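Notes follow the structure.
No value in this document is a laboratory result; all are computed from the given coordinates. Please read all numbers here as calculations on a predicted model, not as lab measurements. Quick reminder, even Gly has a Cβ in these numbers, built from the backbone with ideal geometry, and neighbours come from all protein chains shown.
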Amino acid sequence: MDMQLRWTPEVKFLSKINKMKRKGVLVFLTFQFCCTWFADAEVFTSIGQMTDLIFTEKELVHSLKEYIRAEESKLEKIKSWASRLDVLTRSSTSDPEGFLAHPVNAYKLVKRLNNEWAELENLVLQNPSDGFISNISLQRQFFPDDEDEKGAAKALMRLQDTYRLDPEKISKGQLPGVKFSAVLTVNDCFDMGKTAYGEEDYYHSVLWMQQALRQIDEGEKSSVSKSDILDYLSYSVYQMGDLARALELTRRLVAVDPTHQRAGKNLRYFERLLARQMGQVAKTEQPPVTEAPIDVGTYTRPADYLPERDTYEALCRGEGVKMTEKRRKNLFCRYHNGNKNPRLILSPIKEEDEWDNPHIVRYLDMLSDKEIEKIKEIAKPKLARATVRDPVSGVLTVANYRVSKSAWLEEEDDPVIARVNQRMEDITGLAVETAELLQVANYGVGGQYEPHFDFSRRPFDSRLKKDGNRLATFLNYKDEPDAFKRLGTGNRVATYLNYMSDVEAGGATVFPDFGAAIWPRKGTSVFWYNLFSSGEGDYRTRHAACPVLVGSKWVSNKWFHERGQEFRRPCGLTEVD
């Protein structure tokens, strides 16, 4: 009898090696690359790296299909065995002695029981899942974990808040610019609500539990029970301070599941609280339970640590931009030759005014598609969770308000890096020798960088002393007098930002102080000064990278420093020059 090949881990591993050899892939480098790429567990912060998970899942599906085919083949053989023996035993049991009277039948009975049934036993015990289990065990170490799932859920909630999206629209996949339809099931919405509940974020817990309840009331099948949803929803509503609605939802929960112990206790507790609030004893005859939906505007989102949150998010939505038509008439486009730079005289760069004061310009055709792809290719293996500089120690650390992955590229990495650095120096007229390395960032699900300054703040800023409003704002931010001390190149005088992808929706660069919103356009760059010519910080340049709603946002940036610019950008005569 033919036996199936047992796909042990060793066999599977050897098979993989053979495939890799045929493709000319060095196993060690492949393994090293994978380990480097996924060293940071927070894969949801980079679309560029999440694409690899798509191919991993495809490989696992292929492995699963192989396992199914092996199981089906095994069952077919067992069924064939059973059918043949069923016919034989019906004949033999009708007249056992007559059947065994034939010596061949007697011989074959002994042979079957001694030999063939043992082979059948081995066939039944054979496990075709070994190959699949081996493959999935190998890949599992690169899978997202619970923290990643929680991060992705919180990213969806961030998009929900920033772009004022109703949970129902998100659940139905009604997002601008999407190519692929995607919906959230009752279970998905319930898990979103549980994630928020676990973070004591009852505002979002209410919205997502309400959406789960809406979908289950519409008849969608789910492994989550209505009583479980109502249990979380009623308590979250109570935590939001809506006692009357919490009481109504708890009554509905009791009506759905009268044996729910916690619901009964909560019902009595809410009734006593409401009676105490109303200054009367709870009536025996209760009002009917209402099932009015809890929408986004029902409750106010709790305030957080960011003073300009509302302005920042409005700009991300394209609202509140303060560029009037009168001011727009003062914006121009021109050819820029870098003050007659030899490399730009014959091939000047196209320059557009994005904002008048402070002056922000955009350069067109800064990077070619070929250069962009090369930079992304170099950066991908180096991508790690983006860091910010600690205001006290000056050390780079991870911060929750910056959700992206970044890599720092040197000119030695590839000639294209040196070429791009030289181009930025030619265009700006600023020395690149004292600038920081080229930083490449990729934003993933809800990727953002909340309002921040690129330069370090100095104590007792003389300009701020004269402006009470700015001083009040300034006091909300920590001084960083030694943020760049280790570099020995002074403060960040200017920012040069390259957009290396278009973004279907979201992802703007916004300036809350003066109401500017600059949208990504692949191959273009924007440039602004962070410091006045006097060296004083321009606090108007506090800016943010809005969450990416749909798409993958790739950017690269260069921070120019003060040292080396003494003769390229002479010091101004006043503080605000």
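Taken along the Cα-to-beta-carbon direction at a fixed 7 Å, the label points for residue 90 and residue 243 span 7.6 nm. Note that the stretch 230-240 has calculated 3J(HN,Hα) couplings of 5, 4, 5, 5, 4, 6, 5, 4, 4, 5, 7 Hz, one per residue in order, obtained from phi through the Karplus relation 6.51 cos²θ - 1.76 cosθ + 1.60 (θ = phi - 60°); glycine and proline are x. Using 0.36 nm per residue and subtracting the Cα-Cα separation, the extra length available between residue 329 and residue 118 on full extension is 66.9 nm. Among the trypsin sites (Lys or Arg not before Pro) found in the stretch 322-387, those both in a DSSP coil and sparsely packed, with 15 or fewer other Cβ atoms within 10 Å of their Cβ, are 322, 329, 340. The GluC sites (Glu not before Pro) found in the stretch 489-577 that occupy coil by DSSP, while having at most 14 further C-beta atoms within 10 Å, are 566, 575. Among the GluC sites (Glu not before Pro) in the stretch 309-343, those located in a DSSP loop and surrounded by at most 12 other Cβ atoms within 10 Å of their own Cβ are 319. A simple rule links phi to the HN-Hα coupling: the Karplus curve 6.51 cos²θ - 1.76 cosθ + 1.60 with θ = phi - 60°, which for the stretch 556-563 gives 9, 9, 10, 9, 7, 10, 5, 4 Hz, with x for Gly and Pro. In this structure, the pairs whose alpha-carbon distance is over 22 Å, taken from 405/522; 154/265; 154/194; 65/382; 326/522; 376/558, are 154/265; 65/382; 326/522.
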